[in-house]
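K.L.:
This is the structure I want to talk about, given as structure tokens.
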Amino acid sequence: MGRRRPAAGMVLVVALLGVTVLAASYAGPWVVRFTPRVLPTDGATREPAPLPSLPSIPPEAADQPFTLDLSGAAWAGVVLGLVLLALMVRWVLAQERPELSFPDTAPEVAPLELEPSLATLEQGLAAAVQQLRGGGEPADAVVAAWVALEDAARRSGVPRDPAATPTEFVVEVLGRTTADRAATRSLLASYERARFSALPVSEADVDRAADDLRCISATLREVAR
């Protein structure tokens, strides 16, 4: 309903302007004729005394028309209509201008992605290698090596998402570095096989996990330099 009122006012102003223009085009001069008034007399012809405040009209000018030109007033009405139209257009534009809305709070800024401590990760990689070479069952050695990486990721300075598991967190922390992605996936596969699978884990699997740890450590040392 709010938008119809400016439109109705606009139509009214345009209509008034049109009527004014038509009136100005058809308006001509007004003609006024003066007719002498004959006063009753008592039989004697007397000349009426001229009024002191009004000039006398000559008899020969009595039948002459007096022209009153109102075209100037009509054009003044046109100018007034144009001014009203301009004011109405300005008001309509101001009504339809969208209001600027500002948020009550500042937009949230995404937190900066923290880089993990490379020294802490290297310590965890060294501890993982020791777990692999410590003897015992191959499956237990692989699991112990991965647990050492989980401890290093926890101390790396990167906050862990509560929804992420410790295993996912290790992959995320290593993913924030230039650690070899293929070596990380291979080490993760060895850990999941040793922890959750019924398949046997051999010394070859331990050697493969040790190679993956060395590859990851080598890339971290290159970054540290």
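K.L.:
So if I check each of 87, 82, 125, which one is assigned to a helix (DSSP H, G or I), modelled with pLDDT of 95 or more and either within 13 Å of residue 209 (Cα to Cα) or open to solvent by 30 Å² or more (accessible area, probe 1.4 Å) (or both)?
P.N.:
Details: 87 fails: modelled with pLDDT of 95 or more; 82 fails: modelled with pLDDT of 95 or more.
None of the other options fit; the residue is 125.
K.L.:
Part of a helix (DSSP H, G or I) and open to solvent by 20 Å² or more (accessible area, probe 1.4 Å), is that true of residue 189?
P.N.:
Numbers: part of a helix (DSSP H, G or I): yes; open to solvent by 20 Å² or more (accessible area, probe 1.4 Å): yes.
Here the answer is yes, as residue 189 does meet what is asked.
K.L.:
Do we have any residue at all in region 166-178 that's open to solvent by less than 20 Å² (accessible area, probe 1.4 Å), assigned to a loop (DSSP other than H, G, I, E, B) and touching a residue at least 40 places away in the same chain (Cβ under 8 Å)?
P.N.:
Initially, region 166-178 is screened for residues open to solvent by less than 20 Å² (accessible area, probe 1.4 Å), giving 169-170, 173-174, 177.
Restricting the remaining residues to those that are assigned to a loop (DSSP other than H, G, I, E, B) gives 177.
After this cut, where a residue has to be touching a residue at least 40 places away in the same chain (Cβ under 8 Å) as well, the list is 177.
Scanning region 166-178, I find at least one residue that is open to solvent by less than 20 Å² (accessible area, probe 1.4 Å), assigned to a loop (DSSP other than H, G, I, E, B) and touching a residue at least 40 places away in the same chain (Cβ under 8 Å), so the answer is yes.
K.L.:
Another question, then. Name the one entry in 208, 195 that is open to solvent by 20 Å² or more (accessible area, probe 1.4 Å), in contact (Cβ under 8 Å) with a residue 40 or more places away in the chain, touching a helix residue (DSSP H, G or I) at 6+ places or on another chain (Cβ under 9 Å) and closer than 27 Å to residue 136 by Cα.
P.N.:
195
The values are calculated or read from the model by the stated rules, or taken from the named source; none is laboratory data. Predicted, not measured: the structure shown is a model, and the values here were computed from it. Note that each Cβ is placed from the backbone with ideal geometry, even for glycine, and that neighbours are counted across all protein chains shown. Remember, those area values only see protein heavy atoms, side chains included, never the ligands or the DNA or RNA. Shrake-Rupley method; radii C 1.70, N 1.55, O 1.52, S 1.80 Å.
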